[in-house]
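Enquirer: Pasting a structure here, questions to come.
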Amino acid sequence: MIELTDHDAGDVLALELWDAAGAAPVAQALGFALPPVGASAGDDRCRAMRFEPNVWLVEGSGVDRAALAGAVGAHGAVTPIGGGLVRVILRGAGWRTLLMHDGVFDAENPAFAPGCTAATVIAHVAVRLNVVSEKRCDALVPASLAEGLIGRWRQVAAGL
């Protein structure tokens, strides 16, 4: 059984660093080191996910936006982007099978484990995935396409 819940993703920030000098102050502001490409760090209160070479998505109620912006300073930018996203939490042992429907990414690969992230396309929709645990994967989906994709996922989940 797979449980799908969708939530507002208004807390998501795009953190861009244009040079390496900003990494240490940002890590201090977040309370943990920024993860490498394809990984996440932190917890549900404050999490950073890296999908691109110089961009992390930072989310959670524990993010001090002012401190983060101050830490970035002239080394990058912090931009709220959550209004354009929906967070979908996939819970249950079958989330990997669900993501394989209409997808091009091998979500069943055991190397795609907790702490891993991926940017992929599912049913023609750009999706960012973050494996939180063996039985939970969070997906960030463009708000304009979320209704259709979530509907498809619910349909597939009912048949699994």
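The values are calculated or read from the model by the stated rules, or taken from the named source; none is laboratory data. Because the structure is predicted, anything quoted here is derived from the model rather than measured. Counting neighbours? That spans all protein chains shown, and the Cβs are built from the backbone with ideal geometry, glycine included. Side chains included, ligands, DNA and RNA excluded: accessible areas come from the protein's heavy atoms. Shrake-Rupley method; radii C 1.70, N 1.55, O 1.52, S 1.80 Å.
Enquirer: What FRET efficiency, computed as 1/(1 + (r/R0)^6) with R0 = 35 Å and r the Cβ-Cβ distance, is obtained for Phe32 and Arg154, rounded to the nearest 0.05? Show your work: numbers first, answer last.
Expert: Details: r = 34 Å, r/R0 = 0.98.
Given R0 = 35 Å and the Cβ-Cβ separation, E is 0.55.
Enquirer: Can I ask one more? Per the helix-only calculation at 222 nm, which mean residue ellipticity applies to the chain, given -39500 (n - 2.57) for every DSSP H run of n ≥ 4 and division by its residues, nearest 500 deg cm²/dmol?
Expert: One gets -7000 deg cm²/dmol as the mean residue ellipticity at 222 nm.
Enquirer: With a 1.4 Å probe and all protein chains left in place, how much of the accessible area of the range 4-146 comes from carbon and sulfur atoms, in whole percent?
Expert: Working: 3620 of 6370 Å².
Whole-percent figure for carbon plus sulfur exposure: 57.
Enquirer: Given a Förster distance of 30 angstrom, what is the FRET efficiency for Ala77 paired with Ala119, based on the Cβ-Cβ distance and rounded to 0.05?
Expert: 0.95
Enquirer: Now for a separate question. Determine, from the Cβ-Cβ distance of Glu108 and Asp44 and an R0 of 22 Å, the FRET efficiency 1/(1 + (r/R0)^6), rounded to the nearest 0.05.
Expert: 0.30
Enquirer: Leaving out ligands and nucleic acids, and using a 1.4 Å probe, what accessible area per residue does the range 1-150 come to in Å²?
Expert: Result: 46 Å² of accessible area for each residue.
Enquirer: Here's another thing I want to ask about it. Roughly how many debye, to the nearest 20, is the charge dipole of the range 48-99 about its Cα centre, given +1 on each Lys and Arg Cβ, -1 on each Asp and Glu Cβ, and no other charges?
Expert: Here the range 48-99 has a charge dipole of around 220 debye.
Enquirer: Once you keep just the Cα pairs under 8 angstrom separated by 6 or more residues, what percentage relative contact order results for the range 95-142?
Expert: 30
Enquirer: Work out, in µm²/s and without decimals, the Stokes-Einstein translational diffusion coefficient of the range 100-149 at 20 °C, 1.002 mPa s, Rh from Kirkwood over C-alpha pairs. Can you show the working numbers first?
Expert: Numbers: Rh = 11.3 Å.
Translational diffusion coefficient: 190 µm²/s.
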